[in-house]
Each structure stands twice: as structure tokens, then as C-alpha cells.
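First up is the structure itself, then whatever we jot down about it.
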Amino acid sequence: MHDSAITGGHLPPPPDSPMEGSFFIGDVKIPNPLVLAPMAGITDTVFRKIIKQMGAGLVFTEMISCQALHYKNAKTLGIAEFDREEAPIAAQVFGSDAAMMGEGAAMLEAMGYSIIDVNLGCSVPKVARSGGGAALCRDIPRLARVIEAVVRAVKIPVTIKLRKGWSGQEESAFQVCRVARESGAAAVTIHGRTSVQRYTGKADWEFVKRLRESLDIPVMGSGDVKTPGDVARLLEYSGCAGIMIGREALCNPWIFRDALCLLKGRPVPPRPPFQEVMEMILLHLRGLVERFGDQPGTEKMRKFAAWYIRGLPGSSRFREAVFQMKTGADMEGALREYFDWVSRRKRDCPPDATGPGEAPQ
Ligand SMILES: Cc1cc2nc3c(=O)[nH]c(=O)nc-3n(C[C@H](O)[C@H](O)[C@H](O)COP(=O)(O)O)c2cc1C
């Protein structure tokens with residue numbers, strides 16, 4: 001059920017009392033409620049470290065195929081790499097074969113992960129066609145076998161992440177969570193949308209609250225958390241132990257720092273100045289180049305750079321230029337020139353000047 005009076009920031013302001021509380025998933029302590037969402041093609045080790053430095057209590061990998069782990073696929077083994085400084089960190093896995101899921105989870109545990117999370121929310125054909133992701137929620141006996149196999153294979157806690165159900169009517173999440181809990185799951189993340197909805201409409205925070213109330217293990221709420229106020233409101237309203245932030249982190253990693261300030265009862269810092277935004281982009285770019293190599297790292301950075309500069313003057317013209325860049329040095333030079341231009345333009349123009357100007361080519 002969607003309740004527009006509840007979702008989308010229409011709740012009363014958060015209470016004055018500090019809410020930055022730690023929580024446990026199994027025996028793993030999560031120092032604060034702020035959680036970086038798993039995002040395929042995005043939440044790599046470089047991005048996770050940035051978000052960790054911004055204050056996240058827990059970060060998730062992008063989803064990892066247990067079948068690919070079984071076949072020692074080099075790309076997948078690369079995706080699974082992480083640094084100790086990212087801990088506590090959850091490795092999110094997908095698949096539908098219980099034995100392979102257990103095997104993959106054990107490999108990830110041996111690498112040092114803190115938590116194994118089983119993806120039950122993804123409905124892209126690549127994942128769902130083989131019976132994994134959201135498709136597992138429609139085959140409850142198999143779901144139970146998979147979760148039991150993963151729990152048996154590792155000593156670290158096992159969690160699940162799912163959506164409300166496949167379509168509006170089902171709300172199958174209650175049954176899925178009950179079965180996963182009985183099979184040994186230690187926590188749940190719920191994204192308040194159905195599979196059919198994909199990313200349309202508003203996330204249903206009322207559903208998040210109801211699911212949380214039905215469970216005696218920690219629940220993390222996900223969907224449309226875009227401001228520090230959203231974090232505090234969803235935390236307070238739903239009683240969730242953790243709040244997951246996904247898309248907002250792509251253009252605004254500072255949301256973790258800002259939300260933590262709010263939860264601690266401190267003033268929320270102002271938007272970062274241009275110089276700080278540029279330093280963040282350069283840090284991200286250098287990290288990707290160092291980790292993946294010059295051209296692949298630069299290519300990975302293109303979309304992030306576009307997200308970071310969203311809404312700045314001349315950003316659409318500049319984005320086109322960024323998407324042609326092949327080396328870190330070229331992108332760094334162009335970014336410096338662009339931010340220099342943006343800063344000068346801001347100084348030269350009255351504050352209410354509107355419309356994008358000419359970005360340097
Ligand atoms: C580009 C992208 C990739 C995602 N990949 C995954 C994934 O691999 N596993 C998963 O469980 N959820 C994935 N999600 C869903 C997010 O984890 C999150 O639940 C969803 O985006 C809602 O949160 P938000 O409104 O804060 O973005 C992805 C979302 C996006 C936008």
C-alpha cells in the first residue's frame with residue numbers, strides 16, 4: 001500500500017534526541033544506521049571507501065554471481081576484492097543453486113567479508129531467468145534451501161535484501177522474510193517497491209514499517225532516502241535499525257556525513273563549495289585509475305563525474321566532453337578547467353543569474 005501522507009518527506013520533523021545508534025547483525029557491530037545500498041556497476045571498492053570515509057556504518061558490494069565464483073571468473077573475482085578499511089562490509093550474492101550459493105558464500109567469508117547478503121530483489125533477466133534474485137521469492141521451497149545452504153556454509157551472519165513483492169497485490173515479502181528468518185537469516189533489507197514498479201512511483205515507507213514490525217531481527221529500510229531529514233524520518237517512523245542510501249549517494253556522497261550530523265543532533269553542514277566537489281571528483285578519479293588502470297578507470301569515472309556536476313552551470317555540455325575522455329590526465333585537466341570556469345562565472349554573475357553558460361570544451 002502506498003500512503004503519500006507517509007512517504008516522500010511529509011512526516012513531522014525528527015525528534016531532538018540523538019538517533020545515531022549502533023546495531024548488531026548477528027555478532028557484527030554496525031556503528032551507525034547509515035548503510036550504502038548495493039548498486040550493480042557502481043559500488044566498487046573505490047566508491048565504497050569514499051562512502052566509508054563519509055561516515056557510513058555499513059557498505060554493500062555490488063551483486064556477485066555465485067555461479068561465476070564457482071567457475072573462478074576473473075572479472076567476478078575482481079569485483080569481490082575489497083580493502084580491510086571497508087569493514088564492516090556485506091558481500092551481496094545472487095544465484096539459485098543452493099550448493100553453489102553455499103560455496104560462493106564460503107569463498108567470500110574466507111576473503112574476510114563481515115556479512116553475506118542474498119539478493120532477492122533483482123528482476124533483470126540475467127538474474128531472474130536463472131531463478132535467482134526476485135525469482136527466488138516466487139519459489140519458497142527453493143528459497144529456504146538456498147538460505148539454509150548459505151547459513152550452513154559460513155559462520156558470519158547471512159542477510160537478505162528484497163522488494164515488497166512481484167506486483168502490487170502480493171506483498172510476498174512477509175512470507176519470504178518469515179521463511180528466511182526460519183532458515184537462519186540474521187537481518188533483512190526491504191526496498192519499498194514491487195519488482196514491476198522498478199524505480200517508478202514512491203517507495204512505500206508504510207510497508208517498510210509494517211514489515212519491520214513483523215520481524216524480530218534487524219531491518220534496514222531502503223527507497224527514496226534523499227536528504228538527512230529523510231534518514232531521520234524513516235528511522236523514526238519505521239523503527240528500522242538501518243537506513244540504506246542508494247541513488248542519492250551517486251551525486252552526493254556528503255549525504256552520509258550530513259545525515260550523521262543530524263542524527264547526532266549537530267548542525268548539518270552547508271553544501272560543499274565547488275573546490276571541495278572538485279577535490280572529491282579528483283579523489284574518485286585517481287582511485288579508479290589506480291585500481292583499474294588509466295583508460296578503464298577513466299571510463300568508469302565518466303558517469304560519476306556527470307552525476308557529481310549535475311545541476312552546475314554548463315554541466316550538460318561538459319558531460320558530453322567528459323564522455324569522450326580516455327585518460328585520467330585528460331579528465332583531470334578538463335575538470336580543473338571546468339571548475340575554474342564555474343567558480344569565475346559564479347563570482348562574475350549575480351546570484352540569481354539563470355541558464356547554463358558555455359562550458360570549456
Ligand atoms: C544502478 C542501480 C543498481 C542497483 N543494483 C542493485 C544490486 O546489485 N542489488 C540490490 O539488492 N539492489 C540494487 N539496487 C537497488 C538499491 O540497492 C536500492 O534498494 C534502490 O535503489 C532504492 O534506494 P534509493 O532510492 O536510495 O536509490 C540498485 C539500484 C540502482 C539505482
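The values are calculated or read from the model by the stated rules, or taken from the named source; none is laboratory data. The model shown is predicted, which means the values in this text are computed figures rather than measured ones. Note that we place each Cβ from the backbone using ideal geometry, even for glycine, and neighbour counts take in every protein chain shown. Accessible surface areas use protein heavy atoms only, side chains included; no ligands, DNA or RNA. Shrake-Rupley method; radii C 1.70, N 1.55, O 1.52, S 1.80 Å.
Protein heavy-atom accessible surface, 1.4 Å probe, per residue over the chain: 43 Å².
So if I place +1 on the C-beta of Lys and Arg and -1 on the C-beta of Asp and Glu, and nothing else carries charge, what would the dipole magnitude of the range 274-345 be about its Cα centre? I want it in debye, nearest 20.
Details: 12 positive and 10 negative charges, 57 e Å.
For this selection, approximately 280 debye.
Charge dipole of the chain (Cα centre as origin; +1 on each Lys and Arg Cβ, -1 on each Asp and Glu Cβ, all else neutral): 400 debye, rounded to the nearest 20. Given their separation in residues at 0.36 nm each and the Cα-Cα distance between them, R336 and Y71 gain 91.1 nm when the chain is fully extended. How large a share of the accessible area of the range 160-317, in percent, is made up of carbon and sulfur atoms when the probe is 1.4 Å and the other protein chains stay in place? Carbon with sulfur: 50 percent of the solvent-accessible area. Taking the longest Cα principal axis of the chain as reference, the axis of helix 274-292 is set at about 60 degrees. Residues in the range 202-210 carry Karplus couplings, in order, of 9, 5, 8, 6, 5, 5, 4, 5, 5 Hz; the curve used is 6.51 cos²θ - 1.76 cosθ + 1.60 with θ = phi - 60°, and Gly or Pro positions show x.
Go ahead and estimate [θ] at 222 nm for the chain from helices alone: -39,500 (n - 2.57) per DSSP H run with n ≥ 4, summed, over the residue count, rounded to 500.
That calculation yields -13500 deg cm²/dmol at 222 nm.
Under 5 Å between amide hydrogens, built in the peptide plane, is the criterion, and for V59 it picks out L36, A90 among residues at least 5 positions away or on other chains.
Using R0 = 30 Å, the C-beta based FRET efficiency linking F323 and R138 works out to 0.20.
Mean separation of Cα pairs under 8 Å and 6 or more residues apart, divided by the residue count, gives the chain a relative contact order of 15 percent. Seen against the Cα atoms of the chain and their longest principal axis, helix 228-238 is set at about 20 degrees.
Amide H contacts under 5 Å for F23: I30, N32, restricted to partners 5 or more places along the chain or on a different chain, H placed in the peptide plane at 1.01 Å from N.
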